[in-house]
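Chemist: Take a look at this one; I'll ask things after.
We did not get these values from a lab; they are worked out from the coordinates using the rules stated. In this text, all values refer to a predicted model and were calculated from it rather than measured experimentally. Note that we place each Cβ from the backbone using ideal geometry, even for glycine, and neighbour counts take in every protein chain shown.
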Amino acid sequence: MEKRKKSSIFNLLEGYMERMTEEMKRVPLPVEEMLARLEEEMPDALKDFVTEEETPEGKARIYGPFIYGLSYTKEPGKEPEIKELGNIKPSHERIAPAPKCESEPLIDVIDYKDTYEVVVELPDVEKSDIKLDVTEESLDIKTGDGQRFSKEIPFDMPVTPATAKATYKNGVLCVTIKKEKGEKKKTAISLE
């Protein structure tokens, strides 16, 4: 009596893939129709990431740029700090573009005894497109046309906004702000 050979899951998958390949050869998929339908259903937040350009071969669709990364900062005597940067943010839908396709620039905050020095990389940004706002608690950086960056940088100690000075050269923004004199205000709490 001849023993019957059992089919393995791999044999079943292989047969299925062969049938699918044959079916795809018989009926070509309308790729252009599928792409057009996908673009119609694309969320508005992603539409800024799709552009069309003329090339010698005809029109080409360009997607992106999609930027995501981490910066690692280690200062003596402090815990290492890891920050996210880029124009893609984690969300409940896994990833999502940042609002208005703004990227977070690479930032370094140097804490001196009496001042903060903030060094920001803003490649491909014109000086006239940079907008800076400072309060006692934070520095807000935004750029306009072209490459869009946006970031609010909180300070550990209050600063004096009127002392802020900024320079911009070769895509690097440096902002120096003096800390307020004296320690943080404390209020005593009596125990009942």
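Chemist: Describe numerically, in nm with one decimal, the distance between label points set 7 Å from Cα along Cα→Cβ at residue 176 and at residue 129.
Modeler: The answer from the label model is 2.8 nm.
Chemist: According to a simple spin-label model (label point 7 Å from Cα along Cα-to-Cβ), what is the distance in nm between residue 78 and residue 119?
Modeler: Taking the two extended label points, one gets 1.4 nm.
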